[in-house]
Amino acid sequence: METLSTALSYEMLFLLVALIVMITYRLLTRKINIEGLLLDKTSGRAFSPGRLQLLIVTLLIMTYYVMEVLETKNFPNMPQSFVLALGGSNLFYLGGKFYGLLASKLEIAATRIVERSTKTVNGG
Amino acid sequence: MTKYELLGLAIGWILTIVIGLLLFKIVWKIWRDEIDLTYLISDELGYASLSRFQMLLFSFVIAMSLFYLIVLKSDYPVLPKEILALLGISGGSYVLSKGIQSSRDVGMTEATGGKPPKENPDKPTHEPANGD
C-alpha cells in the first residue's frame, strides 16, 4: 500500500512540476501571450497603475504564503489585513475597469446625441 | 492479506497507472505544442488578462503547498478560511472582470450597428488588435 501512495505522489509531483516549468518557461519566452497585461483595455490603451498594484499585491501575498508554508510546515493563517489588502486591490482594479466601461458607454451615447442633432439641423 | 484488501490494492494500482498515463499524455501534448497554451491567460480579444494570471498563480501555489503538506504529514490538511477567501476573491474578481468586459463588448456591438467591435479579431492573434 505504501508503494502505491509513493507512486501516486510521484505522479502528482511530476504533473505539477512539469506544468509549472513549462508554463513559467513559456511565460518568460513569451510563447504564452502576455501582451497588454498592464494595459487598460476598456478606456484606451494606456498603462494602468491599477493593474500594476494588483500584480504587486498578488506577488507579495504569494511570496508571503510560500514562505509561511515552508517555515511552519502547515497552511498559514493569513492575517486578516492581507485578505483585506487583496480584496481592496481587486476592488480598485475592477473599479478602474468599470470606470472605463462607463466612460466608453457615455462616449457612445454622446456620439449618438450629436448624430441625431446633426440630422435634425439638416432637416432629416 | 484478505481478498478485499487485495482487490483494493489492485484497483488502486489500476487507477494509478491510468491516471499516470493520462498525465503523461497531457504533459507530452503540451510539450509538443499539440495543446496550445498561447492564450492561457488571454481574454477573447487576444490580450493578457490579469485576473486569469492571478488565478493561475494562486492555483499553482496552493496546489504545490497542498501536495507538500500531504506528503509531509501523510494526512489531508485543513484549509484555513483565509486561503479560501483568497481564492474566492481571485475567482470573484475574474468573474466580475469578465462581466464588465462582455458588457463593454455588447455596447460596442450595438454602437457599430450589430457588427462585432473592431478590436475583436476573427481568431486570436499574438499581436494585439488595433483599436482605433
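Just so it is clear, none of the values below were taken in a lab; they were calculated from the coordinates. All figures in this text were calculated on a predicted structure; none of them were measured in a lab. Heads up, the Cβs are rebuilt from the backbone with ideal geometry, glycines too, and the neighbour counts pull from every protein chain shown.
The convex hull around the C-alpha trace of the stretch B:1-93, projected and averaged over every direction, spans 9.1 square nanometres. Here the protein assembly as shown was treated as a single set of alpha-carbon atoms; its pair distances binned every 10 Å from 0 give 6, 23, 26, 22, 12, 6, 3, 1, 0, 0 percent.
Computed over chain A, the quotient of the alpha carbon radius of gyration and 2.2 N^0.38 Å is 1.75.
Counting Cβ atoms of other protein chains within 10 Å of each Cβ in A:23-33 and taking the mean gives 5. Helix A:80-121 and the longest principal axis of the Cα set of chain A meet at an angle near 20°.
Summarising the label geometry, the points placed 7 Å from Cα in the beta-carbon direction at B:Val78 and B:Val106 lie 4.3 nm from one another. Here the stretch B:7-55 is treated as a sphere whose radius is the Kirkwood value from Cα pairs; by Stokes-Einstein at 25 °C and 0.890 mPa s it diffuses with a coefficient of 184 µm²/s.
Sorting the segments B:29-42, B:10-23, A:107-120, A:49-62 by their mean number of nearby beta carbons within 10 angstrom, highest to lowest, gives A:49-62, B:29-42, B:10-23, A:107-120.
The mean count of C-beta atoms from other chains within 10 Å of the C-beta of residues in A:5-15, rounded to a whole number, is 5.
Comparing Cα centroids, the stretch A:72-124 and the stretch B:13-54 end up 31 angstrom apart.
In percent, rounded to a whole number, the relative contact order of chain A is 21, using alpha-carbon pairs under 8 Å and six or more apart. Estimated from the Cβ-Cβ distance and a Förster radius of 30 angstrom, the FRET efficiency linking A:Glu35 and B:Ile14 is about 0.10. Placing a pseudo-label 7 Å from each Cα along the Cα-to-Cβ vector at A:Ile56 and A:Thr111 gives an inter-label distance of 3.5 nm.
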